[in-house]
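The values are calculated or read from the model by the stated rules, or taken from the named source; none is laboratory data. Keep in mind that what you see is a predicted model, and the values were worked out from it rather than measured. All Cβ positions, glycine included, derive from the backbone under ideal geometry; neighbour counts span all protein chains shown.
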Amino acid sequence: EAPLMRILDAHRTYKVRKRGTFNTYRNVQAVRGVTFDILPRENFGIVGESGCGKSTLTRLLAWLETPDRGDIQLAGTSLAALSRRSLLDKRSEFQLLLQDPYNALPPRTTVGRMIEEGLRLRGGLSRRELRERVVAAMREVGLAPALYDQLPNALSTGERQRISIARALILSPKLLILDETLSALDQGEQAKLIDLFSQLQEKNDLTYVFISHDLAMVRKVCTRIAVMYLGEMVEIADNHDLFFDPQHPYTKALLSAAPTLEDKPFDPGDYLLEGEPPSPIDIPPGCSFASRCPQAFGRCRAETPRLREHKPGRFAACHLLDTEEVGEAAAA
Ligand code: SF4
Ligand code: MG
C-alpha cells in the first residue's frame with residue numbers, strides 16, 4: 001500500500017544567537033537527514049530523550065514548517081510543488097493536537113468556540129451548521145454537549161484533551177499527530193483515551209503519529225516505532241521487534257533504563273546510558289552516539305552509520321550490524 005506521507009532526507013536547522021554576543025549566530029541542527037514512511041492507518045511512534053529533535057520533526061510532519069533540505073511527499077506529490085492554496089487545504093489533513101488548547105487560546109474562549117475554530121476559519125457554514133458540527137464532534141469524543149458554553153478552566157486534563165481531539169477531528173483529518181498527548185494523564189484516563197483513539201481510527205480511517213518519551217505508552221499503542229537520537233533516526237522497527245529484539249545500542253540502553261517498562265529483554269544496568277548527548281550545535285563526526293556507546297570501536301568515530309534495512313522491516317544505523325552481517329556471511 002502506498003504511504004500516506006513520505007519523509008525523504010529531511011533536515012531542519014535553526015539559527016540561535018551565541019550567548020553573550022550581539023550578532024554571532026550558530027546553527028542548531030535539530031533534524032538531520034530523516035527518511036521514513038507513514039503508512040495508512042498505522043500507529044507510528046517516535047521516541048527519544050528531550051532535545052533529540054522530536055518537536056522539530058513534529059512541526060515538519062504537521063507542515064507547520066518546511067524542511068530546509070530534503071522533501072516531504074504526499075501521494076507522490078512534493079510539498080514544495082504545492083501552491084499556497086492547496087498547501088493550506090492539504091495541511092488540514094494533518095492535525096497536530098495541541099497539548100493544552102486552553103493555554104494556546106484566549107482565556108475567555110468557550111469550549112464550543114474552541115472546537116469550531118478551524119472550521120469557522122475555513123468559512124462557508126452558518127452559525128447553526130457550525131454548532132451542529134461542534135456538538136457532533138463533542139459526542140464523538142465523549143464530551144457532554146452541555147459543556148458547549150462552558151469556559152474550560154473548570155475542566156479536567158482528560159476533558160481538555162478531548163477538546164483538542166474534537167478541534168482536530170472537526171476538520172476531517174487523515175493523520176493526527178499527538179505530541180505527548182497521553183503523558184500528563186493518569187492510567188485510567190489514559191486507557192479511556194487509547195480506547196477512544198482506536199474507535200476513531202476504525203470509524204474515520206485515521207493514521208496516528210505518537211511522539212513521546214514514554215516507552216510504556218508507546219509500547220501499548222504503536223504498531224511501528226522510530227527511535228531518535230541527536231536529530232537522526234537510529235532505529236525503526238515493529239513494536240514486537242523493537243521491544244524484544246532491539247538492534248541499536250541506543251535503543252538497548254533506552255529500554256534497559258526505562259523504569260516503567262515491564263517484561264523487557266534487559267534489566268536496568270545491562271546497558272548503561274551515561275553522560276549527555278553532544279550539543280546539536282557541535283555534532284562530532286562519525287556516529288552521533290559514539291560518545292555514549294559502550295560498544296563503540298574505531299570506525300564509529302570516523303564514519304557515520306546510515307540507517308538501513310538489515311532485516312525485513314527492521315532499520316538501524318550502526319556499524320556493528322555490518323560487522324555481524326560479514327560474520328554471518330563468513331560462517332555460511
Ligand atoms: Fe555504537 Fe558504533 Fe554502533 Fe554508533 S556505530 S551505535 S558508536 S557501535
Ligand atoms: Mg523537544
Residue set Leu96, Leu74; condition away from ligand 2 (no atom under 16 Å from the Cβ) and either surrounded by 15 or more Cβ atoms within 10 Å (Cβ to Cβ) or under 16 Å from Ile177 (Cα atoms) (or both); output residue Leu74
Restricting region 103-138 to residues that are in contact (Cβ under 8 Å) with a residue 40 or more places away in the chain and of a type in the set (Ser, Thr, Tyr), which is nearest to Leu155 (Cα to Cα)?
Thr110
Leading residue by the ranking (surrounded by the most Cβ atoms within 10 Å (Cβ to Cβ)) among those in region 236-282 that are of a type in the set (Asp, Glu) and touching a strand residue (DSSP E or B) at 6+ places or on another chain (Cβ under 9 Å)
Asp241
Any residue in region 224-245 that is under 15 Å from the mean Cα position of the chain (by Cα), away from ligand 1 (no atom under 16 Å from the Cβ), within 16 Å of Glu180 (Cβ to Cβ) and part of a loop (DSSP other than H, G, I, E, B)?
no
Looking only at region 136-154, which residues are in a helix (DSSP H, G or I) and either small (Gly, Ala, Ser) or within 26 Å of Leu88 (Cβ to Cβ) (or both)?
Ala136, Ala137, Met138, Glu140, Ala146, Ala154
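Each row is one residue, and each column tells you yes or no for (1) within 13 Å of ligand 2 (Cβ to nearest atom); (2) in contact with a Cys (Cβ under 9 Å, 6 or more places away or on another chain); (3) touching a residue at least 12 places away in the same chain (Cβ under 8 Å).
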residue: Phe22; (1), (2), (3): no, no, no
residue: Val31; (1), (2), (3): yes, no, yes
residue: Pro40; (1), (2), (3): no, no, yes
residue: Asn43; (1), (2), (3): no, yes, yes
residue: Gly48; (1), (2), (3): yes, no, yes
residue: Gly51; (1), (2), (3): yes, no, yes
residue: Pro67; (1), (2), (3): no, no, yes
Scan region 277-306 and report the pairs whose first residue is of a type in the set (A, V, I, L, M) and part of a loop (DSSP other than H, G, I, E, B) and whose second residue is modelled with pLDDT of 95 or more and within 16 Å of ligand 2 (Cβ to nearest atom), with Cβ atoms within less than 7 Å and a gap of 6+ or a chain change.
Ile283/Leu230
Within region 303-322, restricting to residues that are surrounded by fewer than 16 Cβ atoms within 10 Å (Cβ to Cβ) and either closer than 15 Å to Val34 by Cα or modelled with pLDDT of 95 or more (or both), the one that is farthest from the chain's Cα centre (by Cα) is Glu303
Right, Pro284: within 30 Å of Tyr25 (Cβ to Cβ) and away from ligand 2 (no atom under 16 Å from the Cβ) or not?
yes
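Results for (1) hydroxyl-bearing (Ser, Thr, Tyr); (2) farther than 30 Å from Asn204 by Cβ; (3) surrounded by 21 or more Cβ atoms within 10 Å (Cβ to Cβ), shown as yes or no for each residue.
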{"site": "Val16", "(1), (2), (3)": "no, yes, no"}
{"site": "Gly20", "(1), (2), (3)": "no, yes, no"}
{"site": "Thr24", "(1), (2), (3)": "yes, yes, no"}
{"site": "Leu39", "(1), (2), (3)": "no, no, no"}
Single residue of region 54-64 satisfying the filter (of a type outside the set (Val, Ile, Thr) and crowded, with 16+ Cβ neighbours inside 10 Å) that is nearest to ligand 2 (Cβ to nearest atom)
Lys54
